[in-house]
Amino acid sequence: MMNKAVLSVALAGAITGLAGCATAPIPVYQLDRSEASIRGAEEVGALNVPIAKLHLQLAKDETEQAKKMAVRGDERSVLVMSRAESDAELALGLAREASVHADALRAAEDLKALRSRAAP
């Protein structure tokens with residue numbers, strides 16, 4: 001009887017120990033999307049737009065944090081990765097907006113220059 005009790009306690013301890021070492025994997029598609037958005041934001045010029053640069057850095061930091069949380073088995077890593085993906089998408093959108101805005105300003109200046117040349 002004593003051996004069964006000791007065996008049960010040892011088995012329960014081993015299972016608890018293994019559960020403590022488990023990881024909470026981040027879905028690969030989520031990690032891929034976040035990293036793709038980060039790369040896209042960098043390529044579009046987010047590093048040259050202060051607010052986009054801020055969200056880009058947040059996305060990078062959150063991605064690293066989520067990876068560390070996943071290794072520790074923290075299921076909230078998926079939520080942190082979602083936040084990283086959102087920040088990366090926001091950085092990408094802000095960088096694109098800045099680029100479009102700059103293009104629009106150049107077009108307006110070109111139009112103004114054309115009008116001044118065409119005026120009698």
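The values are calculated or read from the model by the stated rules, or taken from the named source; none is laboratory data. This is a predicted model, so every value here is computed, not measured. When we count neighbours, we look across all protein chains shown, and the Cβ atoms used for this are built from the backbone with ideal geometry, even at glycine.
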Which pairs have Cβ atoms under 7 Å, sit 6 or more apart or on different chains, and link a residue in the stretch 60-89 that is more than 15 Å from R33 (Cα to Cα) to one that is assigned to a helix (DSSP H, G or I) and of a type in the set (V, I, T)?
Q65/V80; M69/V80
Take the stretch 43-76 and flag every residue that is of a type in the set (G, A, S) and either crowded, with 22+ Cβ neighbours inside 10 Å or outside any helix (DSSP H, G or I) (or both).
G45, A46, A52, A59, A66, G73
Could you tell me how many of the residues in the stretch 91-120 are out of contact with any helix residue (DSSP H, G or I) (no Cβ under 6 Å at 6 or more places or on another chain), assigned to a helix (DSSP H, G or I) and either under 24 Å from A46 (Cβ atoms) or small (G, A, S) (or both)?
16
Test: residue in the stretch 22-34 that is part of a helix (DSSP H, G or I), β-branched (V, I, T), at pLDDT 50 or above and exposed (fewer than 10 other Cβ atoms within 10 Å of the Cβ)
yes
